[in-house]
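For reference, the structure is listed below as structure tokens.
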Amino acid sequence: MRALVSSYKLISPATLDEALQILTRERDVWKPFAGGTDLMVLLEAGKLPHRNYVNIWNLKELRGMEVTDQHVTIGALTTYTEVQQEKVLQQEFPMLCQAASETGGLAIQNRGTLGGNIVNASPAADSPPALLAYDAELELVSLNGARWVPYYGFHTGYKQMIIRPDELLTRIRLPRVSESVQHYYRKVGTRKAQAISKVCFAGTARLRDEKIEDLRLALGSIAPVPLRCVKTEDSLRGNQLNQTTIARARAVLADEIVPIDDIRSTSNYRHQVSLNLLQDFLHSLGLKFGVN
Ligand SMILES: Cc1cc2nc3c(=O)[nH]c(=O)nc-3n(C[C@H](O)[C@H](O)[C@H](O)COP(=O)(O)OP(=O)(O)OC[C@H]3O[C@@H](n4cnc5c(N)ncnc54)[C@H](O)[C@@H]3O)c2cc1C
């Protein structure tokens with residue numbers, strides 16, 4: 001049933017400080033409203049749990065991008081359209097740009113934000129696997145100050161996070177990526193566009209002397225949270241890339257993921273596709289060494 005819009009409140013503070021004061025004064029009463037692309041779906045369905053929203057769309061502190069020698073730092077209100085337009089993101093973080101280009105349609109890409117995707121905390125969201133594979137960090141700001149936390153560990157359970165009700169996610173920081181790193185991102189859905197992921201896979205790796213020197217793997221839609229697959233990473237790191245290593249990594253990943261049956265797919269399908277994507281990723285790395 002549709003909600004009665006007049007029973008909701010939305011206020012638009014002019015500054016970050018003002019927004020934080022509202023979130024602190026009546027803790028848990030007011031919730032951030034960014035692009036609204038997740039929240040409006042709930043409103044339409046009559047399932048929006050809170051009545052009071054703080055419109056953060058106009059807060060300039062949550063916008064823009066900063067590039068230093070070590071990091072690229074992106075405002076939490078950066079939209080998917082903006083992600084795709086940034087040269088440095090295209091060059092060093094292609095998986096994030098691909099995730100952005102495969103998220104919803106143009107209207108959603110113009111309005112949906114990276115910060116909203118993270119805090120909405122859907123295990124099926126498309127940018128979290130890329131952000132995990134790029135080892136992102138998040139800046140959480142309250143009236144007490146700012147704290148940087150690793151994105152890995154931010155989600156503690158289904159829709160559970162370490163962000164407090166008096167905090168806003170303000171920025172996302174990515175360590176810069178060298179040219180020697182290879183990237184692999186695949187979203188598997190029912191259609192090529194406008195589909196929620198059945199499985200989403202993001203991997204980065206650096207090889208040296210035919211060995212996997214370092215790698216990071218993350219998957220979406222296969223656990224209650226976007227999952228960094230550290231056990232599978234450990235089984236591969238430092239090893240020669242060959243059929244034995246690949247078979248072992250497949251077995252480790254099979255134990256590490258916990259997909260469910262739901263309206264979009266079955267546990268069995270998600271399991272099989274995840275293992276196939278891992279294999280495809282590793283084969284893509286090994287092509288130049290004749291591993292196939
Ligand atoms: C038709 C359609 C298609 C979609 N397709 C996809 C898809 O393919 N892939 C995908 O991953 N998602 C998809 N989505 C979901 C949605 O667009 C994204 O999750 C989007 O990134 C949410 O961002 P937003 O700014 O609109 O968040 P909002 O709806 O404004 O907020 C979402 C949640 O995050 C909180 N929040 C937002 N910003 C902050 C912040 N800075 N600090 C603290 N809390 C915050 C809000 O309180 C709320 O709980 C789709 C949605 C629709 C309607």
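Please label the shape of the range 120-268 as rounded, prolate or oblate, based on the square roots a ≥ b ≥ c of the eigenvalues of the alpha-carbon gyration tensor (a/c under 1.5 means rounded; beyond that, a/b larger than b/c means prolate, else oblate).
Note, shape of the range 120-268 comes out oblate.
Just from its helices, what would the mean residue ellipticity at 222 nm be for the chain, if runs of 4 or more DSSP H residues each count -39500 (n - 2.57) and the sum is divided by every residue, rounded to the nearest 500 deg cm²/dmol?
Theoretical 222 nm ellipticity from helices: -9500 deg cm²/dmol.
Normalising by the residue count of the chain, find the relative contact order in percent from Cα pairs under 8 Å and 6+ residues apart.
Relative contact order here is 15 percent.
Within the set of other residues whose C-beta is less than 13 Å from the C-beta of VAL5, count the net charge using Lys and Arg as +1 and Asp and Glu as -1.
Overall, the nearby charge balance is +2.
To two decimal places, what compactness ratio does the range 112-166 give when its Cα radius of gyration is scaled by 2.2 N^0.38 Å?
With N residues counted in the range 112-166, Rg over 2.2 N^0.38 Å equals 1.10.
Averaged over all directions, how much area does the convex hull of the C-alpha atoms of the chain cover when projected, in nm²?
Mean shadow area of the hull around the Cα atoms is 15.6 nm².
Any chance you could give the angle, 0 to 90 degrees and rounded to 10, that helix 16-25 forms with the longest Cα principal axis of the chain?
80
At 7 Å along Cα-to-Cβ for each site, give me the label-to-label distance between ASP17 and GLN272 in nm.
6.0
When we measure straight from the Cα of LYS47, which lysines land under 18 angstrom away, once same-chain ones fewer than 8 places off are left out?
In chain and number order, the partners are LYS9, LYS31, LYS159.
Just report the Cα centroid separation between the range 229-255 and the range 90-152, whole Å.
Distance between centres, Cα-based: 27 Å.
Could you report the range 173-262's accessible area per residue, 1.4 Å probe, as an integer in Å²?
47
How about the range 136-236: which GluC sites (Glu not before Pro) there lie in a loop by DSSP and see at most 11 other Cβ atoms within 10 Å?
GLU179
Which trypsin sites (Lys or Arg not before Pro) in the range 39-99 pass both tests, a DSSP loop state and at most 10 other beta-carbon atoms within 10 Å?
LYS47
Below 8 Å, C-alpha to C-alpha, sequence gap of six or more: please give me the relative contact order for the range 1-74 in percent.
Value for the range 1-74: 40 percent.
Percent relative contact order of the range 53-118, based on C-alpha pairs within less than 8 angstrom and at least six residues apart?
Across the range 53-118, relative contact order equals 32 percent.
Jot down the per residue volume, in cubic angstrom and as a whole number, of the convex hull over the alpha-carbon atoms of the range 1-96.
It is 125 Å³ per residue.
Probe radius 1.4 Å, ligands and nucleic acids ignored: give me the carbon and sulfur share of the accessible area of the chain as a rounded percent.
Result for the chain: 51 percent of the exposed heavy-atom area is carbon or sulfur.
Please report Rg over Rh for the range 146-195, where both radii come from the alpha carbon positions and Rh follows the Kirkwood definition.
In the range 146-195, Rg relative to Rh is 1.07.
In the range 189-292, which trypsin sites (Lys or Arg not before Pro) fall in coil by DSSP and have 11 or fewer other Cβ atoms within 10 Å?
When the trypsin sites (Lys or Arg not before Pro) of the range 189-292 are filtered for loop state and at most 11 Cβ neighbours within 10 Å, ARG191, LYS192 remain.
When a/c is below 1.5 the answer is rounded, else prolate if a/b is larger than b/c, else oblate, so apply that to the range 224-292 with a ≥ b ≥ c taken from the square roots of the Cα gyration tensor eigenvalues.
prolate
State the extension gain, in nm to one decimal, for the chain segment bounded by SER180 and ALA107, taking 0.36 nm per residue of separation less the distance between their alpha-carbons.
22.8 nm
With every protein chain kept in place and ligands, DNA and RNA left out, what is the accessible area per residue of the range 1-86? Probe 1.4 Å, answer in Å².
Here the residues of the range 1-86 average 57 Å² of exposed surface.
Report the calculated FRET efficiency for VAL67 and TYR158 (r = Cβ-Cβ distance, R0 = 45 Å), to the nearest 0.05.
Approximately 0.80, to the nearest 0.05.
The values are calculated or read from the model by the stated rules, or taken from the named source; none is laboratory data. As the structure is a prediction and not an experimental result, all values here were calculated from the model. Note: ideal-geometry Cβ built from the backbone for every residue, glycine included; neighbour counts use all protein chains shown. Protein only, heavy atoms only, side chains kept; ligands, DNA and RNA dropped before computing areas. Shrake-Rupley method; radii C 1.70, N 1.55, O 1.52, S 1.80 Å.
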